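Down below is the structure, laid out as structure tokens.
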Amino acid sequence: QVQLVESGGGMVQAGGSLRLSCAASGRTFSTYVVGWFRQAPGKEREFVTAIAWGVTYYANSVKGRFTISRDNAKNTVYLQMNSLKPEDTAVYYCSAGPGGIRYSDQGAYGYWGQGTPVTVSS
């Protein structure tokens, strides 16, 4: 069983930065694929980024601006978001799933956090 708690969301002006954290319980967390998804108002939830065994994956819309990393000793995954744009405004969700899943498929993730809101003003 894995429980995920996101933090770090807030309001920022365009061009600014935020760092989201996803703290997890569970001794085997380091073996899980961890993904970040986001859901903007009126839109479906979409893939943002994922990390699995040190390999990272990014949606084209955030590539070069966002960086995912993990600290297994702290059971925490981070999402550093730079050069934020108004279109990045959304609720950001952390998710975890067993190794080998299709990282961009939200249905493959069995565990989800409650989400943290990010608002980017122009």
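The values are calculated or read from the model by the stated rules, or taken from the named source; none is laboratory data. Remember, it's a predicted structure, so these values are computed and weren't measured experimentally. Methodologically, a virtual Cβ is constructed for each residue, glycine included, from the backbone with ideal geometry; neighbour enumeration extends over all protein chains shown. In case anyone asks, the SASA skips ligands and DNA or RNA and just uses the protein heavy atoms, side chains included. Shrake-Rupley method; radii C 1.70, N 1.55, O 1.52, S 1.80 Å.
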Determine the gain in length on full extension of the stretch residue 65-residue 119; use 0.36 nm per residue of separation and subtract their C-alpha separation, reporting nm with one decimal. 17.8 nm
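Per residue, how large is the accessible surface of region 1-118? Use a 1.4 angstrom probe and give square angstrom. Please list the in-between numbers first.
On the way: 5990 Å² over 118 residues.
That works out to 51 Å² for each residue.
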What whole number of Å gives the distance from the Cα centroid of region 9-50 to the Cα centroid of region 84-122? 4 Å
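Once neighbouring chains are kept in place and the probe is 1.4 Å, which whole percent of the accessible area of the chain is contributed by carbon and sulfur? Each step should come with its number before you reach the end.
Values: 2960 of 6230 Å².
Carbon and sulfur together cover 48 percent of it.
Between the DSSP loop rule and a limit of at most 15 other Cβ atoms within 10 Å, which chymotrypsin sites (Phe, Trp or Tyr not before Pro) in region 1-80 are left?
On the way: sites: 29, 32, 36, 37, 47, 53, 57, 58, 66, 78; in loops: 32, 53.
Filter output for region 1-80: 53.
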Set of lysines with alpha-carbon distance to residue 74 below 28 Å, sequence-local pairs under 8 removed: 63
Using the Kirkwood formula on the Cα atoms of the chain, what hydrodynamic radius do you get, in angstrom to one decimal? 14.1 Å
